[in-house]
Amino acid sequence: MAVRQILKIGNPQLLQKAAPVTAFNNQELDDIISDMFDTMSAQDGAGLAAPQIGISLRIVIFGLEENPRYPDAETVPTTILINPQIMALSDSIDEDWEGCLSVPNMRGLVPRYSHIRYAGFDPQGVSLDRSVQGFHARVVQHEVDHLEGILYPQRIRDMRMFGYESELPQEEEE
Ligand code: NI
């Protein structure tokens with residue numbers, strides 16, 4: 001298995017809508033997912049979508065135990081989510097800072113639904129259905145956006161709240 005190159009913003013492949021996975025429980029799918037985990041871990045990412053390594057399929061992975069990129073974030077179980085669907089559970093929106101391995105060294109303030117339900121399949125084709133909130137909900141919305149060809153800068157409402165991590169003011173403790 002291998003750490004793959006991550007496509008960066010500007011690459012037209014990141015703007016494509018990814019295709020559904022149609023065959024589960026096979027070596028090809030397992031190899032893709034294994035490469036995704038190797039690639040995400042190598043970059044200390046909290047999530048990765050298959051299109052980010054040039055594979056236009058509806059596969060995302062995410063998870064956060066302790067991560068130096070997100071020192072204050074809530075933990076999220078390590079999850080493989082295939083052919084995902086998302087439903088907002090309320091109109092409530094949170095704004096918080098996001099980064100993306102396809103937009104290196106930058107951060108932006110992004111609105112996301114606070115509470116969502118998401119469903120999809122694991123690599124064996126077993127269905128998964130969760131209702132989540134907070135950082136978990138944010139990560140899922142960010143990753144599923146990649147499958148629609150949407151990168152987080154497109155969601156930023158105030159472009160003054162977008163910039164290099166090294167230049168942005170430190171966040172105040174709440
Ligand atoms: Ni991303």
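The values are calculated or read from the model by the stated rules, or taken from the named source; none is laboratory data. Treat the numbers as computed from the prediction; the structure is a model and nothing was measured. FYI the Cβ positions are ideal-geometry reconstructions off the backbone, even for glycines, and counts take in every protein chain you see. To get the accessible areas, we keep the full protein, side chains included, count just its heavy atoms, and leave off ligands, DNA and RNA. Shrake-Rupley method; radii C 1.70, N 1.55, O 1.52, S 1.80 Å.
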- Answer yes or no: is there a residue in the range 102-122 that is on the phi < 0 side of the Ramachandran plot, at pLDDT below 95 and among the acidic types (Asp, Glu). no
- Task: Scan the range 129-157 for residues that are open to solvent by less than 30 Å² (accessible area, probe 1.4 Å) and outside any helix (DSSP H, G or I) and jot them down.
- Result: 132, 149, 151, 156
- Could you tell me which residue of the range 101-116 is farthest from the ligand (Cβ to nearest atom), considering only residues that are among the hydrophobic types (A, V, I, L, M, F, W, C) and over 19 Å from residue 158 (Cα atoms)? 116
- Message: Can you pull out every residue in the range 91-122 that is within 20 Å of residue 46 (Cβ to Cβ), over 15 Å from the mean Cα position of the chain (by Cα) and outside any strand (DSSP E or B)?
- Response: 114, 122
- Message: Could you tell me how many of the residues in the range 1-34 are within 15 Å of residue 104 (Cβ to Cβ) and either hydroxyl-bearing (Ser, Thr, Tyr) or in a helix (DSSP H, G or I) (or both)?
- Response: 1
- Query: Among the strands (runs of 3 or more DSSP E) confined wholly to the range 37-90, which include 1 or more residues that are open to solvent by 40 Å² or more (accessible area, probe 1.4 Å) and not aliphatic (A, V, I, L, M)?
  - Reply: 76-88
- Say whether the condition of being within 17 Å of residue 139 (Cβ to Cβ), modelled with pLDDT of 95 or more and not β-branched (Val, Ile, Thr) is met by at least one residue in the range 15-30. no
- Condition met for residue 156 (over 23 Å from residue 30 (Cα atoms), in contact with a strand residue (DSSP E or B) (Cβ under 6 Å, 6 or more places away or on another chain) and within 16 Å of the ligand (Cβ to nearest atom)): yes
- Which residue out of 96, 91, 122 is within 16 Å of the ligand (Cβ to nearest atom) and acidic (Asp, Glu)? 96
- Message: Scan the range 14-27 and tell me whether some residue there is open to solvent by less than 20 Å² (accessible area, probe 1.4 Å) and more than 24 Å from residue 164 (Cα to Cα).
- Response: yes
